[in-house]
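Student: Quick one: structure below, then a few questions.
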Amino acid sequence: MWGGAGVLVAALLAVAPWPARQEQPLSVPASTVPVAAPVTAADVAPRRAVPVRTPGPAQPAATVVPPAPGDVPPEPEVANAPAQPNDPIVEEQPRTARWKLEKTEHITSLLGRDVTRLEGEKQEARARGDKARVEQVDALLQRHRVRLDELREEARTLSEAARNEPPEP
């Protein structure tokens, strides 16, 4: 394989310095060459009866469906139609202690469900004898339980702060 490539490179290097072949006009006396009338594009072009169209992007034909009884055609658009007023933008609700308490309780319930699910998964892995999975799930359970304790403490603090807040309007 390398030998063939070497021969090819050698041949290219040998041919590269050769001068390009140039055509030289034949010197013929002007008196012996007959002169023809100039030829125009119209003389050479074939005659066509129908103009040629260049193909454009394909556009599917529109489907026309006759109106059914009870159909109402849409009203035409009006250029200067009065603008329809938009609904007012509702201000973002303040993040009060009640709001934070509600969110914290929701997150706590979701995390509690995860802990219950992981405990079941740990028991299944232990029953199968999958020690690696038991260790993975145990590590997750420890992290979840720590976070669950933090959330419960935060919920206690927020519930006291929510009791001291004025009622919402």
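The values are calculated or read from the model by the stated rules, or taken from the named source; none is laboratory data. The shown structure was predicted, so the numbers you read here are calculated from the model rather than taken from an experiment. All accessible areas refer to the heavy atoms of the entire protein, side chains included, with ligands and DNA or RNA removed. Shrake-Rupley method; radii C 1.70, N 1.55, O 1.52, S 1.80 Å.
Student: I'm checking my understanding of the structure. Among residues of region 80-104 that are open to solvent by 100 Å² or more (accessible area, probe 1.4 Å) and more than 35 Å from the chain's Cα centre (by Cα), which one is nearest to Arg147 (Cα to Cα)?
Tutor: Quick first cut of region 80-104, residues open to solvent by 100 Å² or more (accessible area, probe 1.4 Å) only: 80, 82, 84-93, 95, 102.
Filter again for more than 35 Å from the chain's Cα centre (by Cα), leaving 80, 82, 102.
Details: Asn80: 60, Pro82: 56, Glu102: 17 Å.
If we take residues in region 80-104 being open to solvent by 100 Å² or more (accessible area, probe 1.4 Å) and more than 35 Å from the chain's Cα centre (by Cα), then Glu102 is nearest to Arg147 (Cα to Cα).
Student: Looking only at residues in region 105-122 that are under 18 Å from Ala139 (Cα atoms) and open to solvent by less than 40 Å² (accessible area, probe 1.4 Å), which one is nearest to the chain's Cα centre (by Cα)?
Tutor: Result: Leu111.
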